[in-house]
Amino acid sequence: PDWRAYRAGLFAKHAKPRVAWNQDWVPPNIGWESDLAAYRAYWGQFDFFGKSKPSLILPALKPQGPSYHDQQDWGIDALHVDASCGLGGVTLYVNDKPYPVYSPKGQGDIVWKKRLAEERQDSVTIELTAENVGPKEAPFAARFLCEAFAGRRDSRIEFSVQGGAVNDALAIGIGITRLKDEKFATDEEAGIIANWGMQEAAIGKIGMGIVYPKSEFLRFAEMPDQHQVIVRFVKDAPLVYHIQADWLNGRRFPRCPALVDWLNDLRRTAIAVKAE
């Protein structure tokens, strides 16, 4: 017992944070990260930063800091979301009619709020809420809980809604941005959609993936700016999915990975998530 107490105390002296969050360096941004991956959201659109080494980058972001659209020592903003949902943004289908739960450039009727929900030693969760989602005559209030875990590249997203009409039939489409040069794949057995490719040469190759609850699968859908997996959804019952991204130039030994390698990474995440 004395040795265990000594060892725990010794490690505690050298312990460093492995998760972090930040917001408002460029309103209305809010970000959450582990030591291996960093994500951010603005107006319901999801983005990610590629890291060149394990580190926490969000606390150092400042309103007048260096542009992360240019590569920094720590990495780069690895995705241009433009008007798409980004990595893991949601479209709410109400009676088969789509209503994006994101507002490009902040335009539209949706009212957004964001905050830190919970911060622990090995995890951090931010909350993103949206009001006036869906039909104007019977709107919904939507909520995202986005969580990062120390030592993990994926982020857990919990999505829920309240409101609407009593008899509304609901589904949600979880999307990823189309890349200019990409390969796209689905794995229904594992519950995965993924792409691997390049948006611009300055960033290099990236991979994006969604791990969704395969038991709720309905269909896949293609839009001009994004790929979607559409899943069953029940009001007042949160649905959980995971997002994960990779930036090839951030790997010390890139190994020339291809889409099949990226899918295997996501399959390992899917197995780990299922075991939780």
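Numbers for the structure displayed
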item	result
For SER67, net neighbour charge (Lys/Arg +1, Asp/Glu -1) across residues whose Cβ lies under 14 Å away	-2
Whole-number percent relative contact order across the chain, with pairs defined as alpha carbons under 8 Å at least 6 apart	16 percent
Rounded if a/c under 1.5, otherwise prolate or oblate - the range 110-196, Cα gyration tensor axes	oblate
Value of relative contact order over the range 72-131, rounded to a whole percent, pairs C-alpha under 8 Å and six or more apart	21 percent
Using alpha-carbon coordinates, inclination of helix 2-14 to the longest axis of the chain, degrees	70 degrees
Spin-label proximity, GLU119 to the range 2-42 - amide N less than 16 Å from point 7 Å beyond Cα toward beta carbon	16-25, 30-35, 39
Between the range 62-84 and the range 187-212, the Cα center-to-center distance that results, in Å	19 Å
Stretchable slack from LYS16 to LYS53, in nm (0.36 nm times residue separation minus alpha-carbon distance)	11.8 nm
Probe 1.4 Å - accessible area at LYS214, Å² to nearest ten	90 Å²
Whole-Hz ³J(HN,Hα) from phi, Karplus 6.51 cos²θ - 1.76 cosθ + 1.60, for the range 130-141, glycine and proline x	9, 10, 6, 8, x, x, 5, 6, 8, x, 10, 10
Candidate lysines for bridging to LYS97, where Cα separation is under 24 Å - those fewer than 8 sequence places away on the same chain excluded	LYS105, LYS136, LYS214, LYS235
Eligible lysines near LYS53 by straight Cα distance, threshold 18 Å, same-chain separation 8 or greater	LYS16, LYS205
The chain, accessible surface, carbon-and-sulfur percent (1.4 angstrom probe)	52 percent
Among SER215, SER103, SER52, residue whose mean-square fluctuation peaks in a GNM of the chain (springs only between Cα atoms under 10 Å)	SER215
Solvent exposure of the chain as accessible area per residue, Å², 1.4 Å probe	50 Å²
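The values are calculated or read from the model by the stated rules, or taken from the named source; none is laboratory data. Computed from a predicted structure; not experimentally measured. Neighbour counts are summed over all protein chains in view; Cβ atoms, including those assigned to glycine, are modelled from backbone coordinates with ideal geometry. Side chains included, ligands, DNA and RNA excluded: accessible areas come from the protein's heavy atoms. Shrake-Rupley method; radii C 1.70, N 1.55, O 1.52, S 1.80 Å.
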